[in-house]
Amino acid sequence: MAGEEEAKRYPFSAPHRLDMDPAYAEIRANEGLIRVQPPFGRAAWLATRYEDVKTVLGDPRFSRARALENGDEPSLIPMGPGPNTIVTTDPPHHSRLRRVVAKAFTQRRIEQLRPRVQEIVDGLIDDMEEKGPPSDLVHDFARPQPGKVVFELMGVPYSDREQVQEWTEIALSTPFSGYTPEEKKAAFGKMRAYMPGVIAAKAENPGEDLLTVLVTARDDEDRLTEEETVDLAVAVLVTGNETTADQILNLAWLLLSHPEHLAMLRAAPEKIPQAIDEMLRYVPLATGAMFPRVATEDVRLGDVLVREGEAVLPSMASANRDEAAFPNAGELDFDRESNQHLALGHGVHRCLGAQLARMELQVAFESLLDRFPDLRLVKPAEEVPWRKGTLHRAPQELLVTW
């Protein structure tokens with residue numbers, strides 16, 4: 001094994017729009033795995049090839065829980081000891097938590113939500129039309145759409161959205177954001193302290209929402225503790241709001257900066273679902289690989305033997321640009337077949353809200369292209385400002401006209 005002193009600093013460079021650092025392609029073509037040292041925690045192997053990343057995500061010999069055991073999880077942000085949540089545990093603990101939340105994310109339930117999502121999107125577009133161009137898709141569309149959807153899905157007061165969003169942005173910021181570790185820890189603590197009151201109110205007045213499902217689960221075979229209920233609620237609220245909003249913005253910028261692809265979808269809107277999957281494959285949402293796994297025994301990945309106890313960071317963004325899995329992987333291809341991308345994960349930790357996210361993105365872009373047939377950027381694509389110091393890439397402002 002290469003010594004930790006030989007580990008390469010990671011991430012390799014600051015994110016630039018949706019560009020992938022050339023180092024990923026070089027590693028895929030050569031070693032496949034290299035030792036890296038992220039800003040926090042210990043050194044780890046970085047997996048870059050599709051098959052290797054898929055193995056790390058899906059093979060039970062790689063443990064998510066063991067990555068957190070010693071408080072030295074390789075990470076882009078300071079982690080330290082934390083609660084056993086749905087994103088930090090292995091089966092069977094993970095399976096029990098996932099069963100509870102999965103009740104709110106069945107295909108039937110997602111389709112039942114579609115009319116409400118359409119209503120929310122139509123209302124936002126109505127407001128944009130009434131105010132007239134230009135409009136900032138960040139504040140006028142991308143942020144409020146998934147916010148309203150997930151807060152209603154959860155049964156959390158939408159009036160609290162701005163405060164929750166502020167806590168989330170601070171808690172998930174990188175060292176380049178300017179926030180101190182103490183400020184990030186405090187923001188996360190405030191978010192967790194907020195939840196018990198909302199949960200208690202839901203116990204008094206249950207409804208047809210996810211919080212009711214979580215509260216009810218305390219009384220059946222998948223009984224949840226108070227801490228588990230809070231952690232699950234926070235996890236769904238954060239991922240269902242921030243992640244989807246960021247992807248709406250990334251996909252909008254990508255589409256509006258590729259006029260030939262935009263023209264294709266305007267001429268054939270039935271291709272939008274397939275195009276969304278291709279854009280999800282293409283977009284490197286995270287600014288670096290996250291959620292490491294630890295090998296529970298010696299495992300060979302390509303030409304590298306990962307020893308028991310060593311951590312591996314799976315780069316899903318790099319895997320999605322692997323030419324061995326996706327011919328012409330560096331190009332957008334809305335006619336791509338068999339698009340088994342890893343943007344939404346793989347294995348037991350595959351994103352629970354994948355179907356909801358896809359549905360929200362479909363409704364968003366079907367509606368935007370239908371209502372604004374001449375939708376276009378106000379500024380050249382290369383002049384659009386991007387957020388800095390965050391775990392996810394996304395435009396800071398996305399001005400459009402029509």
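Part of a helix (DSSP H, G or I), surrounded by fewer than 18 Cβ atoms within 10 Å (Cβ to Cβ) and under 24 Å from the mean Cα position of the chain (by Cα), is that true of K184?
Here the answer is no, as K184 does not meet what is asked.
Mind checking whether some residue in the range 325-345 is open to solvent by 10 Å² or more (accessible area, probe 1.4 Å) and hydroxyl-bearing (S, T, Y)?
Yes, because at least one residue in the range 325-345 is open to solvent by 10 Å² or more (accessible area, probe 1.4 Å) and hydroxyl-bearing (S, T, Y).
What's the total number of residues in the range 92-109 that are over 14 Å from V236 (Cβ atoms), surrounded by 12 or more Cβ atoms within 10 Å (Cβ to Cβ) and of a type outside the set (D, E, K, R)?
So the count comes out to 3.
Quick one: count up the residues across the range 41-80 that are closer than 18 Å to R350 by Cα and assigned to a strand (DSSP E or B).
Count: 3.
What about G302, is it open to solvent by less than 20 Å² (accessible area, probe 1.4 Å) and modelled with pLDDT under 95?
no
Within the range 254-262, does at least one residue satisfy the condition of being open to solvent by 50 Å² or more (accessible area, probe 1.4 Å) and either in contact with a strand residue (DSSP E or B) (Cβ under 7 Å, 6 or more places away or on another chain) or part of a helix (DSSP H, G or I) (or both)?
Yes, there is a match, as at least one residue in the range 254-262 is open to solvent by 50 Å² or more (accessible area, probe 1.4 Å) and either in contact with a strand residue (DSSP E or B) (Cβ under 7 Å, 6 or more places away or on another chain) or part of a helix (DSSP H, G or I) (or both).
Kindly indicate which of V294, V234, V283, V312 is modelled with pLDDT under 95, surrounded by 17 or more Cβ atoms within 10 Å (Cβ to Cβ), touching a helix residue (DSSP H, G or I) at 6+ places or on another chain (Cβ under 8 Å) and hydrophobic (A, V, I, L, M, F, W, C).
Going through V294, V234, V283, V312 in turn, the sole match is V234.
Name the single residue that is least open to solvent (accessible area, probe 1.4 Å) among those in the range 145-178 being over 20 Å from the mean Cα position of the chain (by Cα) and in contact (Cβ under 8 Å) with a residue 60 or more places away in the chain.
So, considering only residues that are over 20 Å from the mean Cα position of the chain (by Cα) and in contact (Cβ under 8 Å) with a residue 60 or more places away in the chain, the one least open to solvent (accessible area, probe 1.4 Å) is V156.
Go through the residues of the range 359-371 one by one and say whether even a single one is open to solvent by 30 Å² or more (accessible area, probe 1.4 Å) and free of Cβ contacts under 8 Å to residues at least 60 places away in the same chain.
Checking the range 359-371: not a single residue is open to solvent by 30 Å² or more (accessible area, probe 1.4 Å) and free of Cβ contacts under 8 Å to residues at least 60 places away in the same chain.
Which residues, counting only those in the range 207-223, are exposed (fewer than 14 other Cβ atoms within 10 Å of the Cβ) and either modelled with pLDDT of 80 or more or among the hydroxyl-bearing types (S, T, Y) (or both)?
Listed by number, the residues that qualify are G207, E208.
Looking at G309, G345, which is the one that is in a loop (DSSP other than H, G, I, E, B) and in contact with a strand residue (DSSP E or B) (Cβ under 9 Å, 6 or more places away or on another chain)?
Every option except G309 fails the conditions.
Any chance you could count how many residues in the range 113-144 are polar (S, T, N, Q), crowded, with 19+ Cβ neighbours inside 10 Å and in a helix (DSSP H, G or I)?
The qualifying residues number 0.
Looking at the range 263-297 only, could you name the residues that are assigned to a loop (DSSP other than H, G, I, E, B) and β-branched (V, I, T)?
Residues satisfying the conditions are V283, T287, T296.
The values are calculated or read from the model by the stated rules, or taken from the named source; none is laboratory data. In this text the structure is predicted, and so the values were computed from the model without any measurement. In this analysis, Cβ positions are derived from the backbone assuming ideal geometry, glycine residues included, and neighbour counts consider all displayed protein chains. We work out accessible area using only protein heavy atoms, side chains counted, and drop any ligands, DNA or RNA first. Shrake-Rupley method; radii C 1.70, N 1.55, O 1.52, S 1.80 Å.
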